[in-house]
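The values are calculated or read from the model by the stated rules, or taken from the named source; none is laboratory data. The shown structure was predicted, so the numbers you read here are calculated from the model rather than taken from an experiment. Cβ placement follows ideal geometry from the backbone for every residue including glycine, while neighbour counts extend to all protein chains displayed.
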Amino acid sequence: MTGSETRDGIRRRKRGFERAGALAEGRIRAGSESRGFAVSRLLTRWAEIVGPDIAPLARPVEISYGRGFGATLTLLTTGAQAPMLEMQKETIRERVNACYGYAAVQKVRITQTAATGFAEGQAIFEHRTETHPEPARITPEAREAAKAVADADLRSALERLGANVLSQAKR
């Protein structure tokens, strides 16, 4: 057993805290590569890549590589949205290829399913936007704690931090 391994044989890093994304990266990569996604960013950043007008209508299911150059991207959508996506295939292909950095996808195939029923069809197509909680009101205690700071931007940031800390403590 070396210094960086535990008794289970699992390698541990000694650099302190790690990002949560780095911990799950291996599993995400394995799952996405099994469906042909060499770049998992296409799955995780779908709404940013294709835009807010297309993302709610469909989601990527698979990229298959056939003979010759280029891959086929399969999108899953409900039956009512398929004609809308059919008209936007070229836009989708261009945006996905911009994500990859080269012309990786040559064709876009649309697969329709019911809104409920199949395992893939039960997924929600809507992409949630991040919601940020309302900032805490700056209390006199927070203002008093930060009043000695000369820089106005830093003082304002410290006041907000103090207000958040004090509001957490009250809960």
task: Any chance you could count how many residues in region 17-59 are modelled with pLDDT of 85 or more and part of a helix (DSSP H, G or I)?
output: 5
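Within region 132-145, does at least one residue satisfy the condition of being crowded, with 16+ Cβ neighbours inside 10 Å and either of a type in the set (D, E, K, R) or modelled with pLDDT of 90 or more (or both)?
no
Residues checked against (1) surrounded by 12 or more Cβ atoms within 10 Å (Cβ to Cβ); (2) modelled with pLDDT under 70:
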| site | (1), (2) |
| --- | --- |
| L85 | yes, no |
| R95 | yes, no |
| G117 | no, yes |
| E120 | no, yes |
| H127 | yes, yes |
Among (1) more than 21 Å from T44 (Cβ to Cβ); (2) at pLDDT 80 or above; (3) not β-branched (V, I, T); (4) not in a loop (DSSP other than H, G, I, E, B) - the single one S167 does not satisfy: (2)
